[in-house]
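The values are calculated or read from the model by the stated rules, or taken from the named source; none is laboratory data. Everything quoted here is computed from the prediction, not taken from an experiment. Here Cβ is always computed from backbone atoms with ideal geometry, including for glycine, and neighbour counts include all displayed protein chains. With ligands, DNA and RNA removed, areas are computed over all heavy atoms of the protein, side chains included. Shrake-Rupley method; radii C 1.70, N 1.55, O 1.52, S 1.80 Å.
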Amino acid sequence: MFRKNYIVKINLPGGIVAAGDLYAIVEAAGRAKVEEMQLGTRQQLFCKVADRYGPAFLRQLDQAGIFYETEKEAHPNIVSSYVTEGIFGRSNWVSEGLYKDILGGFDFRPGLKINLVDGGQSFVPFFTGHLNFISSDINNHWHLVVRKPGTNRLYSWKAGIYSPDIPRVSHLVEAWLHRVGEDEDWGQRLYETVRAAGSLPEQPLLPELRLPDFRLPYYEGFNRSGNTNWLGIYRREELFPLDFLKDVCLIALQNKVGQLYTTPWKSLLIKDIGEQDLWEYVLGKYRMNVRHASNELNWQIEDLCPDGLRLKRYLVRLLDQDDIRTEGLCFSIKTKQGSGLPGSVIIRKQEGIRPDQLKLLDRYSIWHTPDLSPHSRDLVLYRKDLEKEHIFPYLVSLCKEFYRLQSERHSPLPAHPAVLNGGKEGAASGGWQCVHCLTIYHEQYGDEEQQVAPGTPFAQVGPDYVCSVCGGVKTDFRPLEKSPCD
């Protein structure tokens, strides 16, 4: 069968690749006339190989013992926050050695998305996997939050998971997850079934999972950490020239830098680089810019998605022109179902547009998490049926609302109950939201400031009701809509 290109995906478990292994991949790709490679949101590696060179390239990967996929992704890469160790904060007990031990314990290729994430950092997303292991405050024990595939439904495992048990628990959950049904008790049944099937030892109950505020560190350029330096390289077009990667591997091997790291932000990170001269030389040789603005680095785009990249470039340019602050936010662009990208604000390309229609007819909707934190999987609709040119003003409004909420949280005065409830489970259900400032009216809380008792449905609120934050009238409130599932 004729194919214009082979799209080859190579898993790099945990976002770690030995410099020698990457060099072997790059050498094989070069013989297949590949000029550039891309990184993915799950820390994997992509390259496009012309049809005539594809079979020979795949044979070389087979000979080198490198796992790859060319069609549908049956085995997602295991994501880890290994890359953050020693540079983006330090955990009490999670270490590079522990990550390697856990990753080495996987004697099977998972079909589910698995995340191994230090609970003390916010660089690597927490809930983009189906099995999300998050380090706890108890040494060598992890929280497990299961996200049912095809949904945003989460279940928090009742007991902690001991580090050496992570591969076995993952295997058992994968075997049983599709058998437990779709009702409200699926998580509890899964927990009981896995414990019985695996004869797992008793594990301690963990303190409630508490995640840090989202603060994306600046992950580009030369940076100091302890007694060493590290280098982060981000590419606006997500393309890394093959010759550049080859030189990076050679310099790493020459300087005894054993491994390189890929990140969920599609960037390449090199630790313990020592002197900068050689690295400065190779950046200059390939004209690599490592001084991008922060408001360009906090975007999540689907893998191999030119449409998403074009929309991102357009919106980032407008944010830059208007000097809009976006620190603390994460933006995502989704053009298809199932991408699972995190985001405080998510721009979705609406379905129902025929492929043969002009791009001018594309329409978008904007969704956001209740508290504008990318840690949440709950989303509420903000605007829909927007043309590309109409997206930007609403992004600015959401940025302003985020900083208003931040100011309230740090204010000595108590915030409005609707704002305080924004991040709690169920906050997005049964509520009505002001279209001007995003304040939410919840029946459970009512509005004591306007003598509306708790438990009062919005339909029974008087017609003279106004938003307690901005003064918007009752008719300017809209029911919250639930997000499509990822």
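Among the residues making up the stretch 130-176, those that are buried (at least 17 other Cβ atoms within 10 Å of the Cβ), assigned to a strand (DSSP E or B) and within 21 Å of the chain's Cα centre (by Cα) are Leu131, Asn132, Phe133, Ile134, Ser135, Trp142, His143, Leu144, Val145, Val146, Arg147, Tyr155.
Would you mind finding the one in Ser365, Ser376 that is crowded, with 23+ Cβ neighbours inside 10 Å and modelled with pLDDT of 90 or more? Going through Ser365, Ser376 in turn, just one is crowded, with 23+ Cβ neighbours inside 10 Å and modelled with pLDDT of 90 or more: Ser376. Looking across the stretch 457-468, the residues that are buried (at least 17 other Cβ atoms within 10 Å of the Cβ) and without any contact (Cβ under 8 Å) to a residue 24 or more places away in the chain come down to Val461, Tyr465. For the stretch 116-129, the count of residues that are touching a residue at least 40 places away in the same chain (Cβ under 8 Å) and not in a loop (DSSP other than H, G, I, E, B) is nonzero. If Phe240 satisfies every condition in (1) buried (at least 18 other Cβ atoms within 10 Å of the Cβ); (2) touching a residue at least 60 places away in the same chain (Cβ under 8 Å); (3) closer than 21 Å to Pro125 by Cα but one, which is the exception? Exception for Phe240: condition (3). Pairing each residue of the stretch 59-83 that is without any contact (Cβ under 8 Å) to a residue 40 or more places away in the chain with any residue that is in a helix (DSSP H, G or I) and buried (at least 17 other Cβ atoms within 10 Å of the Cβ), provided the two are 6+ apart or on different chains, yields C-beta distances under 7 Å for Gln60/Ala28. Note on the stretch 290-307: among residues that are more than 18 Å from Leu329 (Cα to Cα) and either surrounded by 17 or more Cβ atoms within 10 Å (Cβ to Cβ) or without any contact (Cβ under 8 Å) to a residue 40 or more places away in the chain (or both), the one that is nearest to the chain's Cα centre (by Cα) is Asp303. Candidates in the stretch 444-456 are the residues that are among the charged types (D, E, K, R) and not in a strand (DSSP E or B); of these, the one that is least open to solvent (accessible area, probe 1.4 Å) is Glu449. What residue, among those in the stretch 73-129 that are among the basic types (Lys, Arg) and out of contact with any Gly (no Cβ under 7 Å at 6 or more places or on another chain), is surrounded by the fewest Cβ atoms within 10 Å (Cβ to Cβ)? The residue in question is Arg109.
Select from the stretch 222-237 the residues that are small (Gly, Ala, Ser) and surrounded by fewer than 20 Cβ atoms within 10 Å (Cβ to Cβ) and list them in ascending order.
Scanning the stretch 222-237 gives Ser225, Gly226.
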